[in-house]
Amino acid sequence: MLTILFDGIAYGMLLFVLAVGLAVTMGLMNFINLAHGAFAMAGGYLTVFAMQKLGVPFLLCLPLSFIVVGAVGALLERTLYRPMYGKTHLDQVMFSIGLAFMAVASVDFIVGSSQQNIVLPDWLRGRTEIGDGVLGMGHYRIFVIAVCVLLAVALQLILSRTRFGSRLRAAVDDPRVASGMGINVNKVFLLTFAVGSGLAGLGGALGAEILGMTPVFPLKYMIYFLIVVAVGGTTSITGPLLAALLLGIADVAGKYYIPKMGAFTVYLLMIIILMWRPQGLFTRKGGR
């Protein structure tokens, strides 16, 4: 039971890192980016390529994935995404999901459809048993939890305690007033989108070993990202974190105890929570 709980927490933490960038773009930028999973896939494939072809150490691949995918996100924000900010949500959905399918087709053509995995360092491949097997903790899952906790704390501090966080909230609440106060709204949105994309790339790098990398990754996990955002709300870090933990624990426990039901427990949990709080678990007053 404790092992299942631990694995669910680790899975939930990984989903949080993968989905938090989508929560930022949807909640803080008011933009629906269904191609978010493509950035995660890019981080995963970059890690696989860097480790297998270039011999780059795994720990170095994590910041590398964040920086490279973040830079790609910044480039796409300037060239493709920015003209879509003023469009309707339907236009944004059609545009971004089209990008996701293009990414899937491109990766399948270039790399192939077989699953790509990575070989972790020896110190991350072990397992610690406590209480004669009562609690089994994989070292890599401990590492994932530690990294995700640090990221959650850092993001919360950045959004709530820094000048950039206050400028971002002002730019979202009223862009024209924020611009009149001297805030460069376009630059704030560019940095926000780049960081959100970089976090997706980092999540893909962390998830390459647990989830595996295939060309359909953006479509396979899109519904999980959307559930995390819908249940947790899009105007805080706490909401998606709690939603991802609930989702991860429910998914792991459901597939272990009721394997025939598959992911039904996740959808049932989502329906119950959204019937209770349609706006999500956490909302920020004044946000859109």
May I ask you to list pairs of residues, at least six apart or on different chains, whose Cβ atoms are under 9 Å apart, with the first in segment 262-284 being aromatic (Phe, Trp, Tyr) and the second being modelled with pLDDT under 80? PHE282/GLY233; PHE282/THR235; PHE282/SER236
Determine, yes or no, whether VAL149 is in contact with a Leu (Cβ under 6 Å, 6 or more places away or on another chain), closer than 30 Å to LEU5 by Cβ, assigned to a helix (DSSP H, G or I) and not small (Gly, Ala, Ser). no
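In this structure, is LEU59 over 28 Å from ILE227 (Cβ atoms) and either assigned to a helix (DSSP H, G or I) or at pLDDT 90 or above (or both)?
Values: over 28 Å from ILE227 (Cβ atoms): yes; either assigned to a helix (DSSP H, G or I) or at pLDDT 90 or above (or both): yes.
Criteria met by LEU59.
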Take the residues of segment 232-288 that are assigned to a helix (DSSP H, G or I), farther than 23 Å from CYS148 by Cα and among the charged types (D, E, K, R): which is modelled with the highest pLDDT? LYS255
Could you identify the single residue in GLY203, GLY254 that is under 30 Å from MET1 (Cα atoms), without any contact (Cβ under 8 Å) to a residue 24 or more places away in the chain and small (Gly, Ala, Ser)? GLY254
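If a residue must be surrounded by 15 or more Cβ atoms within 10 Å (Cβ to Cβ) and closer than 17 Å to LEU99 by Cα, how many such residues does segment 62-77 contain? Before the answer, list the steps.
Here is the first cut: in segment 62-77, the ones surrounded by 15 or more Cβ atoms within 10 Å (Cβ to Cβ) are 62, 64-66, 68-70, 72-74, 76-77.
From the residues that got through so far, the ones that are closer than 17 Å to LEU99 by Cα too are 69-70, 72-74, 76-77.
Here the count works out to 7.
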Test: residue in segment 90-110 that is among the charged types (D, E, K, R), assigned to a loop (DSSP other than H, G, I, E, B) and free of Cβ contacts under 8 Å to residues at least 60 places away in the same chain: no
Taking the options ALA205, ALA178, name whichever one is among the small types (Gly, Ala, Ser) and crowded, with 21+ Cβ neighbours inside 10 Å. ALA205
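Hey, among LEU34, LEU80, which residue is touching a helix residue (DSSP H, G or I) at 6+ places or on another chain (Cβ under 9 Å), surrounded by 19 or more Cβ atoms within 10 Å (Cβ to Cβ) and farther than 25 Å from VAL153 by Cβ?
Working: LEU80 fails: surrounded by 19 or more Cβ atoms within 10 Å (Cβ to Cβ).
So the residue among LEU34, LEU80 that is touching a helix residue (DSSP H, G or I) at 6+ places or on another chain (Cβ under 9 Å), surrounded by 19 or more Cβ atoms within 10 Å (Cβ to Cβ) and farther than 25 Å from VAL153 by Cβ is LEU34.
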Are any residues in segment 87-126 surrounded by fewer than 16 Cβ atoms within 10 Å (Cβ to Cβ) and touching a His at 6+ places or on another chain (Cβ under 8 Å), and if so, which ones? TRP123, ARG125, GLY126
Quick one: which of PHE31, PHE39 is part of a helix (DSSP H, G or I) and of a type in the set (Phe, Trp, Tyr)? PHE39
Applying the selection to segment 45-61, what residues are surrounded by fewer than 17 Cβ atoms within 10 Å (Cβ to Cβ) and of a type outside the set (Gly, Ala, Ser)? PHE49, GLN52, LYS53, LEU54, VAL56, PRO57, LEU59, LEU60
Return the total of residues in segment 129-146 being touching a helix residue (DSSP H, G or I) at 6+ places or on another chain (Cβ under 7 Å) and either in a helix (DSSP H, G or I) or loosely packed, with under 11 Cβ neighbours inside 10 Å (or both). 7
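The values are calculated or read from the model by the stated rules, or taken from the named source; none is laboratory data. Being a predicted model, the structure only gives us computed values, none of them experimental. Don't worry about glycine lacking a Cβ; one is built from the backbone with ideal geometry, like all the others, and counts go over all protein chains shown.
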